[in-house]
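Worksheet for the structure shown next.
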Amino acid sequence: MTSRLIQIAGAGLSGSVLARQLAEAGFEVTVYETRDHVAGNCHTERDADTGVMVHRYGPHIFHTSDCEVWDYVNQFASFQPYKHRVRAKAGGQVYSLPINLGTINQFYGTAMSPAEAESFIAGQAVRISDPQSFEDLALAMVGPDLYRTFFKGYTEKHWGRSPRELPASILKRLPMRFNYDDAYFDHTWQGLPTGGYTAMVEAMLDHPRITLKLLARLTRADQISGGHVFWSGPLDAYFDYELGRLAYRTLDFQTERVVGDFQGCPVMNYCDPEVPYTRITEHKHFSPWEHHADTIVTRETSRACEPDDIPYYPVRLVEEKAMLSNYVRRAAQTQAITFVGRLGTYRYLDMDVCIREALTTASAFLEAEAQGQILGPFLSDPL
């Protein structure tokens with residue numbers, strides 16, 4: 001058994017998977033978490049009054065085509081099959097998202113076949129040879145009508161910027177279908193943990209060689225000589241924001257209890273720009289295997305992240321990437337610390353990717369240890 005001590009900042013998915021893997025390999029691991037709970041932004045808790053499982057920081061659906069990741073999470077929780085479906089309100093109508101054949105036919109008042117719809121949308125699309133911005137790609141995909149209705153207002157509210165300023169890569173996450181499949185994701189395995197994500201992460205951290213410290217912040221002064229740190233908190237926070245603050249969008253949540261069924265679906269997007277919030281979540285619809293007479297709904301509004309806010313979405317535009325580059329160079333001068341996860345690498349990552357990268361990082365660390373080497377600050381270039 002090794003005596004090397006491991007310190008981990010953050011008890012979200014990245015930090016908790018690393019803690020479990022390294023504890024099982026014989027390391028003594030201390031996990032520091034600034035909040036009063038584990039699981040980070042995928043934290044779930046049961047409402048005492050209604051019994052509804054609430055996604056406190058917004059909806060999180062587990063979806064992956066990575067067999068190893070799926071097998072891994074199923075060690076710590078039982079999953080119920082769940083196919084996520086989203087509806088969108090726009091111009092006084094309710095549509096299904098992502099845009100599919102049903103959305104197209106409803107919007108245009110037609111009854112087109114898949115081939116007819118594909119040909120029709122191709123005729124609507126704006127010919128842009130190399131779309132670089134979100135707006136360019138949307139116009140090239142769906143044309144101006146669908147772009148203005150479903151993407152423009154929602155995107156401006158969510159990002160606080162014109163879609164002309166945003167990279168096309170943001171839109172590439174959302175599929176478009178010429179059939180009636182309205183499932184939001186098309187991964188092989190999709191589901192939700194029966195007891196919630198927090199119970200799953202608590203099970204990951206339930207190991208005799210893991211010490212969990214809630215409401216505790218790991219600082220550079222706390223680093224143990226001869227140990228190794230895995231930092232899943234904000235990259236700029238590790239350096240006390242010496243080079244400035246990386247820009248994020250944060251979310252404000254307004255939650256209320258309602259009698260009965262509020263909207264009939266788990267998530268309703270609000271695409272019209274005059275509606276201040278971006279979406280409403282109705283939490284009980286994430287657990288269709290449960291039955292609740294009352295319901296809990298949460299309105300979600302996006303804004304620029306301030307120093308005391310929880311960061312959610314990295315902005316990653318030109319100015320932020322320049323600052324990120326400076327922090328990456330600063331990190332290259334450190335020893336015995338590796339930056340991981342969404343915040344540590346300043347990237348938007350789905351849950352399964354966080355877990356995959358944490359498993360890969362743990363393996364890389366163990367290999368470096370076996371060779372008498374020190375794992376570097378990043379496994380891959382975050383730029």
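Throughout, read-outs are computed from the coordinates displayed, never taken from laboratory work. Just so it is clear, the model here is predicted, and its values are computed rather than measured. Here the Cβ is made from the backbone with ideal geometry for all residues, glycine too, and neighbour counts use every protein chain on show.
Overview of results
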{"item": "Simple label model, 7 Å out from Cα along Cβ direction - ASP252 to THR188, nm", "result": "4.3 nm"}
{"item": "For the chain, built as a Gaussian network whose Cα springs stay under 10 Å, the top-fluctuating residue of ALA364, ALA199, ALA221", "result": "ALA221"}
{"item": "Extension gain (nm, one decimal) between SER119 and VAL318, 0.36 nm per residue minus Cα-Cα", "result": "68.0 nm"}
{"item": "Residue of ALA370, ALA331, ALA183 that the Gaussian network model of the chain assigns the largest fluctuation, springs spanning Cα pairs under 10 Å", "result": "ALA370"}
{"item": "Two-site FRET efficiency, GLN335 against SER169, from Cβ-Cβ distance with R₀ of 25 Å, rounded to 0.05", "result": "0.15"}
{"item": "Sites ASP294 and GLN371 - FRET efficiency at Förster radius 41 Å, r taken between beta-carbons, to 0.05", "result": "0.10"}
{"item": "Cβ-based charge dipole, the chain, positive-most Cα from TYR154, GLY226, GLY195", "result": "TYR154"}
{"item": "Separation of alpha-carbon centers, region 212-244 and region 1-74, rounded to whole Å", "result": "18 Å"}
{"item": "Relative contact order %, the chain, counting alpha carbon pairs below 8 Å whose residues are six or more apart", "result": "24 percent"}
{"item": "For region 101-173: relative contact order, % (alpha-carbon pairs under 8 angstrom, 6 or more apart)", "result": "28 percent"}
{"item": "Structure-based [θ]222 nm, the chain - -39500 (n - 2.57) summed over DSSP H runs of at least 4, per residue, nearest 500", "result": "-8500 deg cm²/dmol"}
{"item": "Region 86-168: C-alpha gyration tensor shape, a/c 1.5 cut-off, then a/b vs b/c", "result": "oblate"}
{"item": "Three-way shape call for region 327-376 based on the alpha-carbon gyration tensor, with the a/c threshold at 1.5", "result": "oblate"}
{"item": "Those trypsin sites (Lys or Arg not before Pro) in region 239-298 that DSSP places in a loop and that have at most 15 other beta carbons within 10 Å", "result": "ARG245"}
{"item": "Overall form of region 107-254 per C-alpha gyration tensor (a/c, 1.5; a/b vs b/c)", "result": "prolate"}
{"item": "Zone of SER65's modelled label, taken as backbone nitrogen in region 185-206 under 11 Å from a point 7 Å along Cα→Cβ", "result": "186-189"}
{"item": "Distant-in-sequence amide H partners of THR211 (H built 1.01 Å from N, under 5 Å)", "result": "VAL29, THR30, VAL31"}
{"item": "Mean Kyte hydropathy of 0.5 or more with a Cα span along the axis of at least 27 Å, helices from DSSP in the chain", "result": "351-370"}
{"item": "Farthest toward positive dipole pole in region 101-173 [+1 Lys/Arg, -1 Asp/Glu at C-beta], among ILE170, VAL126, GLY102", "result": "ILE170"}
{"item": "Residues of type aspartates and glutamates that LYS213 reaches as a straight line, Cα spacing below 20 Å, ignoring anything fewer than 8 places off in the same chain", "result": "GLU24, GLU28, GLU33, ASP36, GLU45, GLU202, ASP222"}
